Amino acid sequence: MPQNAAAPGTFTPAQDHWAGHPKGSAAYNKILAGLAFAGVATFAQLYSTQAVLPLLAADLKVTAAEAALTISLATVGLAITVIPWSFLADRIGRVKAMAWGISAATILGLLVPLAPTFGALLALRLLEGMALGGIPAIAIAYLNEEVNRAHAAMAAGSYVAGTTLGGLAGRLVAGPAGELWGWRTAALAVSLLATVAAVLFLGLVPQAKGFTAAKAAGLRGAMATLLGHVRNPRLLALYIQAFLMMGGFVAVYNYLGFRLSAEPFTLPATLISLVFLAYLSGTFSSRWAGGLTARFGRRNVLLAGIVLMVAGLALTLTQLLALILAGLVIFTGGFFAAHSIGAGWTGSIATTGRAQASSLYNLAYYLGSSVIGWAGGLVFQSLGWTALAVAIMALACITAVTVAVVHPRGNDETARAATQGQAEAARP
């Protein structure tokens, strides 16, 4: 998009003096803590049924792929609303938009356990996802505007780490509760957890200082902003990465539970839910990856994350449970390392319309979750786990080639900025 083009959410001359909250300041810490709780509320709810998909399928008498629609429709809802939410946030403010979204999602989440039919359950999950669309893209835009640029990559990694804790917490709560009292009680328990996290987010997150409300751009202005981002090859490569990698990631977690509940493993739901402890590797790797950009650049760290994904997934092809679990840990760590770089890089590359650039990333991210996460079930049901894992490894290789070609070595300006910032942050 031309540098002089008007776009919503851009910085105005009045904002030029704002350098952002420095690392270690009270406001910086409140931002990261508040967004971490937003991540818990968002991703605990978004994937609340994933740990109990086999139980849900048995109770409602649906197939594995049909049960996975409770995940896919929630992520579809999020995907189709992230862009409208981003334009709304340009008008009313990042914090207010996130507050509206998280509040609506929490109310809908409390209604999910009451769904009388499978169709009603899918409808509620779709609406819940639409409400949650107000969090992910806006959070990254908010970070890039409120945190000192020198620490933006680290802050984005911290936010993604919070999202992994949210996803993990929801699954660990749902698994045991589902085995003891059924999937409805599991969904209720996750919704109550999300409610507490939402309240903490609302109480902690500070008001924006680096944002000025934009006038409505109109349909033509909005399309110009979005098309400008899509035509940027560097952003487009990151959108492709988000679509393919998130799709593969969700497919692995959707259907690994079915594999482990069947012969020769026959694990109960509580033990299967413990598989999601692998998310802790993502909590670590997302922050670690942000720090590594100072030495190696975003491009190289992102590619290394994809390599780890492929290596970890290869280990799941064995019949040894220990190797499968080790592979899942490596796969998960690699995914979140790559995702934290991609999400943060998007907001950094875009000099105008940052909320829209991040929204397009999230649109691709959750469309991949919806489409590939569901279609992977068809592969799994027809051809088995090996075929699914090999297909996801192929998607990872396509992603790596795309990123490597579009972001050639030595052309990472944002990495150099991050390097300078991390060096400053390391000083006593």
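Values computed for the structure shown
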| quantity | calculated |
| --- | --- |
| Hits in region 296-347 - residues which are outside any helix (DSSP H, G or I) and touching a residue at least 60 places away in the same chain (Cβ under 8 Å) | THR316, LEU317 |
| Qualifying residue in region 325-335 (condition: surrounded by fewer than 21 Cβ atoms within 10 Å (Cβ to Cβ), at pLDDT below 85 and hydrophobic (A, V, I, L, M, F, W, C)) | no |
| Subset of region 172-222 (residues that are more than 20 Å from PRO116 (Cα to Cα), basic (Lys, Arg) and at pLDDT 80 or above) | none |
| Which listed residue, of VAL62, VAL76, is open to solvent by 10 Å² or more (accessible area, probe 1.4 Å), part of a loop (DSSP other than H, G, I, E, B) and either modelled with pLDDT under 85 or within 28 Å of ALA278 (Cβ to Cβ) (or both) | VAL62 |
| Where ALA51 falls short, out of the listed (1) at pLDDT below 85; (2) crowded, with 24+ Cβ neighbours inside 10 Å; (3) under 16 Å from the mean Cα position of the chain (by Cα) | (3) |
| First in region 188-206 and in a helix (DSSP H, G or I), second anywhere and open to solvent by 40 Å² or more (accessible area, probe 1.4 Å) and basic (Lys, Arg), Cβ under 7 Å, 6 or more apart | LEU204/LYS30 |
| Enumeration of residues in region 405-428 that are open to solvent by less than 30 Å² (accessible area, probe 1.4 Å) and at pLDDT 70 or above | HIS407 |
| Breaking point among (1) closer than 25 Å to LEU55 by Cα; (2) surrounded by fewer than 24 Cβ atoms within 10 Å (Cβ to Cβ); (3) not polar (S, T, N, Q), for MET246 | (2) |
| Residue under evaluation ILE83, criteria (1) modelled with pLDDT of 90 or more; (2) under 27 Å from MET223 (Cβ atoms), criterion not met | (1) |
| Pairs with Cβ under 9 Å, 6+ apart, first in region 34-46 and in contact (Cβ under 8 Å) with a residue 60 or more places away in the chain, second open to solvent by 10 Å² or more (accessible area, probe 1.4 Å) and outside any helix (DSSP H, G or I) | GLY34/VAL205; GLY34/PRO206; LEU35/VAL205; PHE37/VAL205; ALA38/VAL205 |
| Out of THR352, THR270, THR316, THR266, sole residue that is surrounded by 18 or more Cβ atoms within 10 Å (Cβ to Cβ) and modelled with pLDDT under 90 | THR352 |
| Top-ranked residue of region 338-347 - restricted to ones that are over 11 Å from the mean Cα position of the chain (by Cα) and more than 16 Å from ASN300 (Cβ to Cβ), ranked as surrounded by the fewest Cβ atoms within 10 Å (Cβ to Cβ) | GLY347 |
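The values are calculated or read from the model by the stated rules, or taken from the named source; none is laboratory data. A quick note: this is a predicted structure, and the numbers were derived from the prediction, not measured. No Cβ is skipped: glycine too gets one built from the backbone with ideal geometry, and neighbour counts run over all protein chains shown. Heavy atoms of the whole protein, side chains included, go into the accessibility calculation; ligands, DNA and RNA do not. Shrake-Rupley method; radii C 1.70, N 1.55, O 1.52, S 1.80 Å.
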